[in-house]
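What follows is a short report on a single structure.
The values are calculated or read from the model by the stated rules, or taken from the named source; none is laboratory data. Since the structure is predicted, the reported quantities are computational estimates derived from the model, not experimental observations. Virtual Cβ from ideal backbone geometry, glycine too; neighbours counted across all protein chains shown. Each accessible area value is taken on the protein alone, full model and side chains, heavy atoms only, with ligands, DNA and RNA left out. Shrake-Rupley method; radii C 1.70, N 1.55, O 1.52, S 1.80 Å.
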Amino acid sequence: MAFYSPELLYKKMNDVQETFGALSQSSQFMVSLNLSRSSTAGTLNKYLTDCGLFGEARGTSETYDFLCSDATLPGSAFSVAEESGSRQGILERFPIQRIYSDFDLSFYVDKEYNTIRLFEEWMNWIDPLYTGTSVYEGDEDGQVGYEDGSNFYRFRYPNDYKTKVTILKFERGFIEKPNDVNSKLLRQPLLKYDFIDAFPMNITALPLSYDNTDITRISINFSYSRYTVSKQNVY
């Protein structure tokens, strides 16, 4: 059985810290929805612009991205097939499909309720509401006048509503000295997750209560086709 003296244990801990650096903190991250103000007809960005969700801002990077309070980096797994007994009774497994789990984002809700409307309208764009003679094309006041029970929905094509969502993971103080090219703080890496063909699949229930007052948050469950992970060094 191995025995570590206090001096040896201290040395090994220092060696690990020198090799891998400080430990990562969960509170340092940034989310980019990559939606922007647009005048191109028939696009999600134009629809959200008509809903008054960008105002004078150019996109979500100036309005909603910084309101993200919680994010979940997803995992992935292989779906496997089993071959039993073909080779002297050995049970073999082979991966046949890679499965990507959904990811969740939570956002603080502003006093104009635009954070709620952003995702509600995104889902309205995915599944627009028809009256028989017209379709809801987005409005600053929302779906006013579409309360008739005979109204119906019709889904759009996936390419019309899917987009890329990005989550950046970094550590505290990595841009504290932007003018010092020799600063080690500028050499801290960024871990970048790009979620391809992402779209909101579920808006979780938003509880309201008189019992305890807290900041209102909305949580969104996203689906996507796949994700890529890249490491970027900042200089």
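General remarks:
- Selection of first residues in segment 22-48 that are among the hydrophobic types (A, V, I, L, M, F, W, C) and of second residues that are open to solvent by 80 Å² or more (accessible area, probe 1.4 Å) and part of a helix (DSSP H, G or I), restricted to Cβ pairs under 8 Å at least 6 apart or on distinct chains, gives the following pairs, ordered by first then second residue: Met30/Phe66.
- Of the strands (runs of 3 or more DSSP E) lying entirely inside segment 55-144, those containing at least 3 residues that are in contact with a Leu (Cβ under 8 Å, 6 or more places away or on another chain) and in contact (Cβ under 8 Å) with a residue 12 or more places away in the chain are 68-71, 103-108.
- Of all residues in segment 207-224 being touching a strand residue (DSSP E or B) at 6+ places or on another chain (Cβ under 8 Å) and open to solvent by 60 Å² or more (accessible area, probe 1.4 Å), the one that is farthest from Thr163 (Cα to Cα): Ile215
- Top-ranked residue of segment 114-153 - restricted to ones that are of a type in the set (A, V, I, L, M) and within 16 Å of Leu44 (Cα to Cα), ranked as most open to solvent (accessible area, probe 1.4 Å): Met123
- Of the residues in segment 122-141, at least one is under 25 Å from Leu206 (Cα atoms) and among the hydroxyl-bearing types (Ser, Thr, Tyr).
- Segment 105-126 - residue that is at pLDDT below 95 and of a type in the set (Asp, Glu) and, of those, farthest from the chain's Cα centre (by Cα): Glu112
- Residues that are in contact (Cβ under 8 Å) with a residue 24 or more places away in the chain, over 17 Å from Phe119 (Cα atoms) and open to solvent by 80 Å² or more (accessible area, probe 1.4 Å), drawn from segment 154-168: Arg154
- The single condition from (1) at pLDDT below 85; (2) closer than 23 Å to Leu73 by Cα that Asn182 fails is (2).
- Members of segment 159-172 found to be farther than 30 Å from Gln28 by Cα and in contact with a helix residue (DSSP H, G or I) (Cβ under 9 Å, 6 or more places away or on another chain), listed by number: Asp160
- Only one of the numbered conditions (1) more than 22 Å from Tyr224 (Cβ to Cβ); (2) open to solvent by less than 80 Å² (accessible area, probe 1.4 Å); (3) β-branched (Val, Ile, Thr) is not met by Thr60, and that is (1).
- Looking across segment 201-232, just one residue is closer than 18 Å to Asp70 by Cα, of a type in the set (A, V, I, L, M) and without any contact (Cβ under 8 Å) to a residue 12 or more places away in the chain, and that is Ala205.
- Filter result (in a helix (DSSP H, G or I) and under 22 Å from Asp104 (Cα atoms)) within segment 32-54: Leu44, Asn45, Leu48
- Selection count, segment 95-113, where residues are within 23 Å of Ser225 (Cβ to Cβ) and either open to solvent by 100 Å² or more (accessible area, probe 1.4 Å) or of a type in the set (A, V, I, L, M) (or both): 5
- Boolean, Phe107 is touching a helix residue (DSSP H, G or I) at 6+ places or on another chain (Cβ under 9 Å) and over 24 Å from Tyr193 (Cα atoms): no
- Condition met for Thr49 (buried (at least 18 other Cβ atoms within 10 Å of the Cβ), under 23 Å from Thr216 (Cβ atoms) and modelled with pLDDT of 75 or more): no
- The requirement of being open to solvent by less than 50 Å² (accessible area, probe 1.4 Å) and not hydrophobic (A, V, I, L, M, F, W, C) is satisfied by Ser79.
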